[in-house]
1. Could you give the distance between the Cα centres of the stretch 237-278 and the stretch 67-96, to the whole Å?
2. Charges on Cβ only, +1 for Lys and Arg, -1 for Asp and Glu, centred on the Cα centroid of the stretch 33-113; of 94, 55, 66, which one is farthest towards the dipole's positive end?
3. Report the residue, chosen from 239, 221, 180, that carries the largest GNM mean-square fluctuation when the chain is represented by alpha-carbon nodes joined by springs under 10 Å.
4. Placing unit charges on C-beta atoms (Lys and Arg positive, Asp and Glu negative, everything else neutral), compute the dipole magnitude of the stretch 28-101 about its Cα centre in debye, rounded to 20.
5. Got the relative contact order for the stretch 70-227 handy, in percent, Cα pairs under 8 Å and 6 or more residues apart?
6. What whole number of Å gives the distance from the Cα centroid of the stretch 1-47 to the Cα centroid of the stretch 187-212?
7. If you put +1 on each Lys and Arg Cβ and -1 on each Asp and Glu Cβ, how big is the dipole of the chain around its Cα centre, in Debye rounded to 20?
8. Can you give the angle from 0 to 90° between the axis of helix 14-24 and the longest principal axis of the chain, with both taken from C-alpha atoms, to the nearest 10?
Amino acid sequence: MYAAAFDYHRPSTIDEAIALLARHGDEAKVLAGGHSLIPAMKLRLARPSVVVDIARIASLSEIRDAGGRIAVGALATHQSVESSALLKSKCPLLAEVAATIGDVQVRNKGTIGGSLAHADPAADYPAAIVALDAEIEVAGPKGRRTIRAADFFVGLLETALAPDEIITEIRVPATPQSVAYEKTSQKASGFALTGVAVVVDGQAARIGITGVATKAYRATAAEQALGAGRTAETIAAAASHAADGVDPLNDIHASSAFRAHLAQVNTRRALERAFSRV
Ligand code: FAD
């Protein structure tokens, strides 16, 4: 099926893109890799009359050291995140997560900014973004602002972004190699039925979970239950709290009980693997 007709703009700067979004309001949609927006347009789930294609704004693809943090441009493809030497050495979780997304075609075109803005509850990056406590830099007609990961995901396909704002970069902290991402994939697409990202932080760990609820969340009950324990027993006991306080999704791919179970299993596996890397 073809998408409904739309006007197409290809700005070459961030300011031009924002001016177009401000002019067209809710009628306009940003296009990045197109791997979520185009299918949605073909199915008439999205029907923008104006498409603002930001894919040629070169500065948005950079991955650079930003003094203690690594700044990943919104247009960095999953493939470039997966293969970045800087991320592999300074924030290996993001590279590990990117490598699990979809297939080679999806990773070559899809972008980190597009994935975060789309906020699919089964997307992989959000687990890492909340576990890393990342910062999301956005630009709009009123200037730039930084949104913390904990405040960015609002609900199902819903974020704190205004319609006339674009994500420009995602800043993640440098971490040691003691991280892990464990995922159970939906077999056809690769999306996460459950994905668990773990960042070991001293004696503690930060745990981000995607695929289970309407939005990615920090498994704080499991984090607290873990305390300073690193034995198989304390890890398993902590992992049993991975879905505490959330209302797991129930759909044709998995029941809520199965999703809660997967959250516990993947949390235990991710904690074990991350601690084994300390
Ligand atoms: P687009 O499709 O271009 O845009 C998506 C949305 O984000 C649109 O609403 C758009 O307006 C908005 N947007 C894009 N960029 C910005 C920006 N910089 N600022 C503000 N808004 C913006 N994802 C996974 O996580 N795991 C998987 O296993 C997985 N498997 C997939 C398998 C298939 C077959 C397909 C088609 C997709 C899959 N995806 C998966 C989704 C994929 O990662 C998408 O690429 C991603 O979700 C969207 O990125 P994009 O660059 O393609 O964004």
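1. If you average the Cα positions of each part, the centres end up 25 Å apart.
2. Of 94, 55, 66, it is 55.
3. Checking each option, the largest mean-square fluctuation is seen for 221.
4. Value, rounded to 20: 300 debye.
5. 26
6. 30
7. Details: 29 positive and 29 negative charges, 82 e Å.
Magnitude of the dipole: close to 400 debye.
8. Tilt relative to the chain: about 70 degrees.
Every read-out reported here was derived from the displayed coordinates using simple, explicitly stated rules and does not represent laboratory data. Since we're looking at a predicted model, the values are computed, not measured. For neighbour counting, all protein chains shown are included, and Cβ atoms are generated from backbone atoms with ideal geometry for every residue, glycine included.
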